[in-house]
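A short worksheet on the structure shown next.
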Amino acid sequence: MAVKDRDRFSTATRLRLLGEQTAARVYRSQTKRQARRSRLTGRAALLALVLCTLVVALAYPIRQYVSQRAEIADLQRQKQQAARRVEQLRDLKARWQDDSYAEQQIRQRLHYVLPGETGYVVIDPDAAKQSRADLGAADRPWYTNVWDGVDKSDASDQ
């Protein structure tokens, strides 16, 4: 036993035992870390997979929802504009039902006069400086457009 006791307390034996214990501890800690890592990585991968699946599954419906809401807002705006325009046209129709308004517009736009009245056309000095060609057909009185048409057809015959 004395040899065994001596081996037990020898430096080489103690170093060998210490090395084996240290190697066992390192192996156990690495195994635990790897076990933790592998569980954590698997969980993280599963979570990432679930999140990616949700994003892919919900991306198209959300995009459709947003675009449809924008289209609905645009259609509501167009509806309001159309309602305002209808109201304006109803007001205009009601005004044209009034004989005095219709007579006023006929006199102003067509330069009509009642029997016994004398009609005058006052020319603005600044407007007289511009040639008749500078004005568009809609900006000139209707009879000017008629005479211009007659002049053009007469000029093309010669």
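Which residues, counting only those in the stretch 67-109, are in contact with a helix residue (DSSP H, G or I) (Cβ under 7 Å, 6 or more places away or on another chain) and not basic (Lys, Arg)?
Trp96, Tyr101, Ala102
Going residue by residue through the stretch 41-60, is there one that turns out to be aliphatic (A, V, I, L, M), part of a helix (DSSP H, G or I) and in contact (Cβ under 8 Å) with a residue 12 or more places away in the chain?
Scanning the stretch 41-60, I find no residue that is aliphatic (A, V, I, L, M), part of a helix (DSSP H, G or I) and in contact (Cβ under 8 Å) with a residue 12 or more places away in the chain, so the answer is no.
Does Gln68 qualify as being among the polar types (S, T, N, Q), modelled with pLDDT of 90 or more and exposed (fewer than 10 other Cβ atoms within 10 Å of the Cβ)?
When the stated conditions are applied, Gln68 does not pass them.
Do we find that Leu40 is under 51 Å from the mean Cα position of the chain (by Cα) and modelled with pLDDT under 85 in this structure?
yes
Specify the residue that is surrounded by the most Cβ atoms within 10 Å (Cβ to Cβ); the eligible residues are those in the stretch 119-137 that are assigned to a loop (DSSP other than H, G, I, E, B) and modelled with pLDDT under 75.
Leu135
The values are calculated or read from the model by the stated rules, or taken from the named source; none is laboratory data. Just so we're clear, the structure is a prediction, and the values are computed from it rather than from any experiment. Cβ coordinates were reconstructed from backbone atoms using ideal geometry, including for glycine residues, and neighbour counts include every protein chain displayed.
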